[in-house]
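Some notes on the structure that comes next.
The values are calculated or read from the model by the stated rules, or taken from the named source; none is laboratory data. These numbers were taken from a predicted model, which means no experiment stands behind them. Please note: Cβ atoms are built from the backbone with ideal geometry, for glycine as well, and neighbour counts cover all protein chains shown. Surface accessibility is based on the protein's heavy atoms, side chains included, excluding ligands, DNA and RNA. Shrake-Rupley method; radii C 1.70, N 1.55, O 1.52, S 1.80 Å.
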Amino acid sequence: MSVPLLINVRRFLDGPTLGSPQPMSLFSALLFHELLHTYIGRYDGLESKLIEKYSGEPLVVLTHLHLTALMKRVYLKLGRAEQLREIVARDAASEDPAYRRAWQIVNDIEDHETFVSELKTARLGRLDPAQPLAAPAQHT
């Protein structure tokens, strides 16, 4: 999750995966993904014609449209098209079909650059700071 930033690394370790960890390129993609959430902020605070256009989609789709488009742009600009294909394949295989749908919109329905261009001029949403896990100790 992105706020607070918490990454479950078990699927990237030998022990918990019985010697079949996922590749580290997917770990860096996961970390990049979660950090992008903090950059883009809340979708409902984002002034976006594209969010309006897809307002009938589930919440998880809406929160990933600009994010997946930005990921795609970065991976292509870095010449990492193969890693991008792995990321899209991993997300398509997710139990939650919303990730597959977000990629479908970004890859097949809209051009990813349309979302990226919108981010350049949009007022980004704001993430509320995470609440502390425990109240601070009272000093007497």
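What the table shows:
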read-out: Filtered residue count, segment 37-74, keeping only those that are aromatic (Phe, Trp, Tyr) and free of Cβ contacts under 8 Å to residues at least 40 places away in the same chain; value: 0
read-out: Condition broken by Ser48, with the remaining ones in (1) open to solvent by 60 Å² or more (accessible area, probe 1.4 Å); (2) within 15 Å of Leu119 (Cα to Cα); (3) of a type in the set (Ser, Thr, Tyr) satisfied; value: (1)
read-out: Which numbered condition Ala93 misses (of (1) more than 14 Å from the chain's Cα centre (by Cα); (2) modelled with pLDDT under 95; (3) within 25 Å of Ser25 (Cα to Cα); (4) buried (at least 20 other Cβ atoms within 10 Å of the Cβ)); value: (4)
read-out: Answer residue from segment 66-89, given it is touching a helix residue (DSSP H, G or I) at 6+ places or on another chain (Cβ under 6 Å) and among the charged types (D, E, K, R) and is surrounded by the most Cβ atoms within 10 Å (Cβ to Cβ) among those; value: Lys72
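Yes or no, residue by residue, for (1) at pLDDT below 90; (2) more than 19 Å from Glu110 (Cβ to Cβ); (3) of a type outside the set (Lys, Arg):
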{"residue": "Leu30", "(1), (2), (3)": "no, yes, yes"}
{"residue": "Ile40", "(1), (2), (3)": "yes, no, yes"}
{"residue": "Glu47", "(1), (2), (3)": "yes, no, yes"}
{"residue": "Leu50", "(1), (2), (3)": "no, no, yes"}
{"residue": "Tyr54", "(1), (2), (3)": "no, no, yes"}
{"residue": "Leu59", "(1), (2), (3)": "yes, no, yes"}
{"residue": "Lys72", "(1), (2), (3)": "no, no, no"}
{"residue": "Leu76", "(1), (2), (3)": "no, no, yes"}
{"residue": "Glu82", "(1), (2), (3)": "no, yes, yes"}
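Conditions (1) within 18 Å of Thr114 (Cα to Cα); (2) surrounded by 15 or more Cβ atoms within 10 Å (Cβ to Cβ), marked per residue:
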| position | (1), (2) |
| --- | --- |
| Leu6 | no, no |
| Ser25 | no, no |
| Ala29 | no, yes |
| Glu52 | yes, no |
| His64 | yes, yes |
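Here's the yes/no breakdown for (1) of a type in the set (A, V, I, L, M); (2) closer than 20 Å to Ile7 by Cα:
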position	(1), (2)
His33	no, yes
Glu57	no, no
Glu95	no, yes
Asn107	no, no
His112	no, no
Val116	yes, no
